[in-house]
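What follows is a set of notes on a single structure, which appears directly below.
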Amino acid sequence: MTMIILFIALPLTMAVVIQVLAHQRPVLSDWLTNATLLTLAIISFYSVGRYGLYHIGGWTTPIGIDLRLDPLSSLLLIVINVVSLAAGLYSVEYMRSYTSKTHFYGLFLLLVTGMNGVVLAGDLFNLYVFLEIAAIASYALVAFGCAHEELEASFKYAVLGTVSSTFILIGITFVYAVTGTLNMAQIAARISDIGMTPPLVLAFGLFICGFSLKAALVPFHAWLPDAHPSAPAPVSAMLSGVLIKAIGIYVLARLIFNVFGVGQGELAVLRWLGVISMVAGALLAAGQTDIKRLFAYSSISQVGYIALGLGLGTPLGLVGALYHLANHAVFKSLLFLNAGAVEQATGTRDLDKLGGLNRTLPVTGATSLIGSMSIAGIPPFNGFWSKLIIILAAVEAGFMGFATVAVAISIVTLVYQLKVQRHAFFAAPKDLLTTWRQEPRLMSLAMVVLAFGCIALSFLVVTGLRTPFLINAAQETLMRGVFGL
Amino acid sequence: MIYSLSLLLILVGLYGVIVSRNTLKIVISLVIMEHGVHLLLILVGYRAGGQPPIVDPETAMAVFAGQAVDPLPQALVLTSIVIGLGVLALLVALCVRLYERYGTFDVTEIRRLRG
Amino acid sequence: MIEVLAILILLSVIAAIVAVETEELLPAVIALGAVGFLLAIIFVFLAAPDVAIVQIGVEVISLVILIRATLGRDTKPATPRRRIFGTIVGVAVVGAIGLFGVRIFTEFPGFGSPVMDRFVDAPSVTYLLDGLSSVGAPNIVTAVLLDFRAYDTLGEATVLFTAVLGALVILRRKARVHGDKEEDGKK
Amino acid sequence: MKADRHTEGMGIIVKTVARWLKGFILLYGIYLVLYGHITPGGGFAGGVVISCAFILLTLAGGENHGLRFFPKTASSTLDSMGLLLFLAIAWLGTWWLGGAFFKNVISTPEQAYFTLFSGGTIPLSNIGLGLKVASSLFLVFTVLAAFRLAMDAADKDEDEP
């Protein structure tokens, strides 16, 4: 199972090699980056349905650090690496309007390394270190354009991110002081013997605060509406689509279900966080005129759906949450890439000034139609199925109130998505001078890849093709409970 | 009692982050918080009257293991100190760049975004 | 021994309060330096020489970086009156966490008895007992850092690499090829 | 050029003291890196002390003097080289039969325990780490200093009409 280590070692080595080699020939860095992302995407598909435990340095479990591959992490790996491949292809042409592209590729590959490291980590402190890599790379990438808003948004995001990392480190200190080990499997075993003593409860509370700030759940979401719009389009696609899930929701699920043991108290916290984020995100999104800021708020509400699904704790709820996680990653990054294309073509993101882009930007128009349809939950598209499963699970688990709120919010989502479509793509064309003669090939290729992803994901349920990695990923997280040693 | 003192150090940092209006003061409070956490980590691994975890040829292994302090938190703090320095370098770069753009460190005047 | 530690930590808390409360930047940075160096002395008392050396070095460099950033840029405090509301919220939040934390510490394993004594299969026991034989390095902390948990150190070196790359990216002068959307000048 | 060297940076006393001290600081840093696995120290501590030596020289001698003998591109390639050396040692572990990513491939014989060459690959990774930490911290300092130079230059031509 040496394949597991490739997920971290390959992008890291490439990031450093690019910094050294690319000063002479910048074109080389385009090829190297996209070749690495392609191999990562292929390996992630290869890792489906495999279990793996990789002891680093050859040491047995509690002494050394080990990487753990199970269906839940292979699902996350596929999501991370496919979206980063699309964003990588997109940024070949999009980043031409920025300087020092080699540094951009270095930071982009380090962001992918950090997320892969978090998803595969079997050791609590190691998870913290790779979380820091992904977070620092995203602080720098948000401030890549060095404009007024970007610097300020990146500073606010960096300060809140550092405070939440410090909370997570205090939580790790308490867990170590009580259980004596850092290996997540051994911690889970110790906690099921000792039970939740007060220091562990405080550690769990600190983890909830720290990781829900990374996942932008509502009481801690202040940084997201500023950071995502001001970042370059491929970066905000990665941040919104994948980062808040890989280092936020995934870690919360892993901690609640596999490390701290499923308790009704923990699930209730997650449910309420989810519902509040759902409602607040959607209502705030409805009032926005800036495309990217609207999509940022809608990310908060969609992550609220996932948190609600996880919080139900029933197998069906988990299936819905993980299915929605994959769907949201694909269509939200697609929408952000479309917004980037619109911004670069017309120079503005304001809905009131946009109009009639369907004729000038055919590919962007078509793919963003698919993206909006699936996020709004129109039947044939994948958004509809995952929200339906979550709502059914909420009804089955007896939370009628949450189910009705979920239905209402999906209608509000439909409203503001149609608003974007109507204003930007179908309204009467205003006299907008588009600087592009025709859409760049690689950017449209990236958008088509993601649009194809949306359609492919919707076939998961329609044709009854219950693919193995999605269903037993949910079962494995829930039923296994304490880590399979 | 010693633990609560180190917790106090963390809380002073947290208080500083919430209250200060100057960007560099926020960065300074973050560094103080990091210092507090590192102190807490080392305190957790201390053994009363313990020795540094460095083997000297005379003492036997079992005796050494009985006296030595816990090495794991020290390794974690070493890693976390240098992470803190990296984050500090990034935050100071942001503050300097913000100063160049807005001409001030004051957060209230930088408030261009309606976050 | 415990009293000396308590006094030193108390001194660093006072220095931290000074760092947070002063208006000008330079005294705040100097007070931060005091906190850092006091911490290095505390680490020596806590039998952690490796950490003390790194703490002093890192403290010197962070002071140099911070002073470079603040030299000659001291802003006059624009709104001299203290924001009453902000201080109350800050004190309330900090007080709540503090009370809850102190109550938790009563449940905590006592100071001075490390957690590895209570669990036989704790990794630290193995590090101490056969660190020298399996790795060959007498300094167990470096053995842990570079062999038992070398992957952490790789991650950490990458964090420093990312932070430096990020600082390079943020501090480059010309960010966009055909000039910014709005003017790229001073204000 | 001669006059420029004296006016820049700090006073003469600071420069001469810095010139004398730089040898000792550098020696202490290299000692920490090489003997890191026997006495307290290691890649991080040594790297930090070495970068302190270089920063002292740049502060004392003025930024232009500092940037001349250690330009930005040199420290950034050195930075990447250090990390590549560390990664190479890690990859070396997998190449061995039945090896894993960070396997310490060289085992230390009994009698070599307290000598310089004990600890298998640890001294090598210490050197790679020390190189990386030293050059990246110095790189951060030069970038901040270079930015400040540009700002002062911008202020200067703003003041004249």
In this structure, does D:Ala3 turn out to be hydrophobic (A, V, I, L, M, F, W, C) and either at pLDDT 85 or above or assigned to a helix (DSSP H, G or I) (or both)?
-> yes
Of the residues in segment A:249-264, those that are under 24 Å from A:Tyr128 (Cβ atoms) and in a helix (DSSP H, G or I) number 11
Is there a residue being assigned to a helix (DSSP H, G or I) and within 7 Å of another protein chain (Cβ to nearest Cβ) anywhere in segment B:43-54?
-> yes
Within segment A:151-160, restricting to residues that are surrounded by fewer than 24 Cβ atoms within 10 Å (Cβ to Cβ) and in contact (Cβ under 8 Å) with a residue 24 or more places away in the chain, the one that is farthest from the other protein chains (Cβ to nearest Cβ) is A:Leu160
Just one of the numbered conditions (1) assigned to a helix (DSSP H, G or I); (2) at the interface with another protein chain (Cβ under 7 Å from one of its Cβ atoms); (3) of a type in the set (A, V, I, L, M) is not true of B:Val27; which one?
-> (2)
Those residues that are in contact (Cβ under 8 Å) with a residue 12 or more places away in the chain and either touching a Cys at 6+ places or on another chain (Cβ under 8 Å) or surrounded by 23 or more Cβ atoms within 10 Å (Cβ to Cβ) (or both), I need them from segment C:16-28; list them, please.
-> C:Ala16, C:Ala19
(1) modelled with pLDDT of 85 or more; (2) closer than 26 Å to B:Gly103 by Cα: which one isn't true of C:Thr75, the others all being true?
-> (1)
Specify the residue that is farthest from the other protein chains (Cβ to nearest Cβ); the eligible residues are those in segment C:84-96 that are within 21 Å of A:Ala203 (Cβ to Cβ) and surrounded by 12 or more Cβ atoms within 10 Å (Cβ to Cβ).
-> C:Gly95
Mind listing whichever residues of segment D:33-46 are touching a residue at least 24 places away in the same chain (Cβ under 8 Å) and either away from chain C (no Cβ under 11 Å) or farther than 11 Å from D:Leu116 by Cα (or both)?
-> D:Val33, D:Leu34, D:Gly42, D:Gly43, D:Phe44, D:Gly46
Among the residues listed as B:Ile81, B:Ile18, the single one being assigned to a helix (DSSP H, G or I), at the interface with chain C (Cβ under 7 Å from one of its Cβ atoms), without any contact (Cβ under 8 Å) to a residue 40 or more places away in the chain and in contact with a helix residue (DSSP H, G or I) (Cβ under 9 Å, 6 or more places away or on another chain) | B:Ile18
If you go through segment C:1-11, how many residues are out of contact with any Ser or Thr (no Cβ under 9 Å at 6 or more places or on another chain) and facing chain B (nearest Cβ under 9 Å)?
-> 5
Examine segment B:58-72 for a residue that is in a helix (DSSP H, G or I), at the interface with chain C (Cβ under 7 Å from one of its Cβ atoms) and within 23 Å of D:Gly46 (Cα to Cα), and state whether such a residue exists.
-> yes
Condition met for A:Leu200 (within 13 Å of the chain's Cα centre (by Cα) and touching a residue at least 60 places away in the same chain (Cβ under 8 Å)) = no
Given the conditions (1) more than 7 Å from every other protein chain (Cβ to nearest Cβ); (2) in a helix (DSSP H, G or I); (3) modelled with pLDDT under 90, which single one is not true for B:Leu98?
-> (1)
Given (1) away from chain D (no Cβ under 14 Å); (2) in a strand (DSSP E or B); (3) surrounded by fewer than 22 Cβ atoms within 10 Å (Cβ to Cβ), where does A:Leu53 come up short, assuming only one miss?
-> (1)
Filtered residues of segment D:72-103 (kept if facing chain A (nearest Cβ under 10 Å), at pLDDT below 80 and either touching a Pro at 6+ places or on another chain (Cβ under 7 Å) or under 26 Å from A:Ile4 (Cβ atoms) (or both)) = D:Gly93, D:Thr94, D:Trp96, D:Gly98, D:Gly99, D:Ala100, D:Phe101, D:Phe102, D:Lys103
Exception for A:Arg254 within (1) modelled with pLDDT under 90; (2) of a type outside the set (Phe, Trp, Tyr); (3) closer than 24 Å to A:Ala376 by Cβ; (4) under 17 Å from the mean Cα position of the chain (by Cα) falls at (3)
Taking segment D:115-154 as the region of interest, how many residues are more than 9 Å from chain C (Cβ to nearest Cβ), closer than 24 Å to C:Arg172 by Cβ and over 20 Å from the mean Cα position of the chain (by Cα)?
-> 4
Considering (1) surrounded by 24 or more Cβ atoms within 10 Å (Cβ to Cβ); (2) away from chain D (no Cβ under 14 Å); (3) under 30 Å from D:Leu92 (Cβ atoms); (4) not hydroxyl-bearing (Ser, Thr, Tyr), say which one A:Ala86 fails and leave the rest.
-> (3)
Within segment C:97-143, residues more than 13 Å from chain D (Cβ to nearest Cβ), among the β-branched types (Val, Ile, Thr) and part of a helix (DSSP H, G or I) come out as C:Ile97, C:Val102, C:Ile104, C:Thr106, C:Val115, C:Val125, C:Thr126
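The values are calculated or read from the model by the stated rules, or taken from the named source; none is laboratory data. This is a predicted model, so every value here is computed, not measured. As a convention, Cβ positions derive from the backbone with ideal geometry for all residues, glycine included, and neighbour counts pool all protein chains shown.
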